[in-house]
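Just so you know, all these numbers are worked out from the coordinates, no wet-lab data involved. Since the structure is predicted, the reported quantities are computational estimates derived from the model, not experimental observations. Please note: Cβ atoms are built from the backbone with ideal geometry, for glycine as well, and neighbour counts cover all protein chains shown.
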Amino acid sequence: MTRTAIRNPVLPGFHPDPSILRVGADYYMATSTFEWYPGVRVHHSRDLVNWRPLGGILTDRRLLDLSGVPDSGGVWAPDLTYANGLFHLVYGVMDNYAHGYKDITNYLITAPAIEGPWSDPVKLPGRGFDAALFHDDDGATYLLNMVFDSRPGRGFAGIELQQLGGGGGSKPRLILENRNVTEGPHVYKIDGWYFLMVAEGGTGYEHGATVLRSRTLDGPYEPDPAGPMFTARHDPTLELQKAGHGCLVQTQDGEWYVAHLAARPYTQRGRCVLGRETAIQLVEWADGWPRVAGGVPAVDVPGPALPPHPWAPGEQDPAERHWSTLRRPASPDWVSFDGDQVTITGGQSPYGLRAPSLVARRVTGMKCAFEANVTFEPDTVHQSAGITAYYNSRNWYHLALTTDGLILTGSDQGTRTVHYTGESATRLGVEFDGPALRFSADGRPLPVELDATILSDEHADEIIGGQIRSFGFTGAFVGLWVQDLAGEGCRATFSDVTYDV
């Protein structure tokens, strides 16, 4: 059979921390969503090459409450597994990660199908993030997580394991001490060995994935003598950087692959506007260890020996599966979708963390364009509606219709600047051209070129006096934004919305 090549990243744009799973002939990939709804975005494939979005799992406040979470807080590193006829999803909700603390609660939900219905969340024990399940072949289920020690001068403390159920489960025990910012644990039992895959080096340019093994689940775990399974830390010329946080999957034919996060900087070790993306590598077994060729992430990878399965137009996704909403779920009280038309009731200011009215989609290419017709009549200076190029509450651009006409405003680490004012328009657009960003009104480019790279992970990181103020873990979005600072119920309608990459 001719193999179809995998072209990385398979999930471009903001899709970090992949958890990959095969059930029969179907492959599912769950990724982190942080402060965006729906929580835990899922993609589906039958050949590891062609992926389609299924939307998100955590669609309402019964499953997830993101009101008030900080930028790059919210849902961190989900884990998707399947056992005993049920899908199991473990996810953590980070309420605070600054000032030496990690306020996170881990949850477990289950469902008979990936589409649901999903059970009510059950709080899990655990004293850190990146929680994951391991289902052993004797029927026991274990919870893994990294341990965070909030005492001054401490921090990452290693990987912890405990059994769930069974009359209360077991007390947590440390199975691996911290080596180098050790996190993202996954356990696999293969040929009598327990393999522990972890992320190390932090989520930036020192990131990598390491595999260790033991004859017993409790360890001790010894690392692969060949070094990291993959990393880009030693080669800044690689197209895929920040490679790490991996998850293994075995095909129906017995081949192995690893899904992992990666990023594509605009310059060597520079800013990553697209955020952290998902890539897949072929795993080759050597000396009893799972390894990636060269120990580095590759863009072009041999696909599995499976029949190609591109998704036909009828099997692809409706447009709304690309939309995400900020900090509150898409509910009829403030947003409605009718064909290609989106109607939005205004919400909080750009810096509000509870009820903004922003409907957006991920930027997936270094060159792309987004446009929309806007129907809106503001009544007061408190109201505005338009399009945005957005990273987080402190870094964004907004071209909006206001009582003062058309205004283009930007926020750079919280400092607002007006870049353009002019007459009102009905069709607004924004174009990403590498590091350059250009807005347009009724097809006419505005006479200002903006810096797209402030919409990046690196620019969003703010560390003051050695203390974390804000992290950048997401990626750039384009979207529809309506503000109603006095809460007077203004609405805007957007139509003929297009995104081209």
Hull surface divided by four, with the convex hull built on the Cα atoms of segment 1-135: how many nm²? 9.2
Rg to Rh, two decimals, where segment 146-263 supplies the alpha carbon set and Rh follows Kirkwood: 1.00
One computes Rg over Rh for the chain from alpha-carbon atoms, with the Kirkwood Rh, and obtains 0.97
Would you work out which of 207, 148, 185 lies farthest towards the positive end of the dipole of segment 131-207? Charges go on Cβ: Lys and Arg +1, Asp and Glu -1. 148
Give me the lysines in straight-line cross-link reach of residue 123: C-alpha distance below 29 Å, same-chain residues under 8 apart excluded. 102, 171, 189
If I take every Cα pair under 8 Å that is 6 or more residues apart in segment 6-315, average their sequence separation and divide by the length, what percent do I get for the relative contact order? 16
Highest mean first, what order results for 184-193, 378-387 on Cβ atoms within 10 Å? 378-387, 184-193
For 42, 75, which order do you get if you count the other beta carbons within 10 Å of each Cβ and list the fewest first? 42, 75
Quick one: putting +1 on the C-beta of Lys and Arg, -1 on the C-beta of Asp and Glu, what dipole do you get for segment 1-97 around its Cα centre, in Debye to the nearest 20? 500
According to the square roots a ≥ b ≥ c of the eigenvalues of the Cα gyration tensor, what is the shape class of segment 336-432, taking rounded for a/c under 1.5, prolate for a/b larger than b/c otherwise, and oblate for the remainder? rounded
For residue 291, other-chain or 5+-apart residues with amide H closer than 5 Å (H placed, Pro excluded) are 284, 285, 286
Using the count of nearby Cβ atoms within 10 Å as a rough guide to exposure, how do 26, 287 rank from fewest to most? 287, 26
Using a cut-off of under 20 Å, list every residue of segment 400-429 whose amide N is near the label point 7 Å from the Cα of residue 351 along the Cα-to-beta-carbon line. 400, 408-420
Residue-by-residue Karplus 3J(HN,Hα) for segment 372-385, coefficients 6.51, -1.76, 1.60, Hz, glycine and proline x: 7, 7, 10, 10, 6, 10, x, 9, 9, 5, 7, 10, 7, 8
Under unit Cβ charges (Lys, Arg +1; Asp, Glu -1), what dipole magnitude, rounded to 20 debye, does segment 6-315 have relative to its Cα centre? 540
Does anything in segment 206-222 have its amide N under 17 Å from the 7 Å Cα→Cβ label point of residue 83, and if so which residues? 216-219
Can you put 334, 481, 289, 311 in order of Cβ neighbours within 10 angstrom, beginning with the fewest? 311, 289, 334, 481
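Can you compute the FRET efficiency between residue 235 and residue 449 using 1/(1 + (r/R0)^6), with r the Cβ-Cβ distance and R0 = 51 Å? Round to the nearest 0.05. Please list the in-between numbers first.
Details: r = 32 Å, r/R0 = 0.63.
According to the calculation, E is roughly 0.95.
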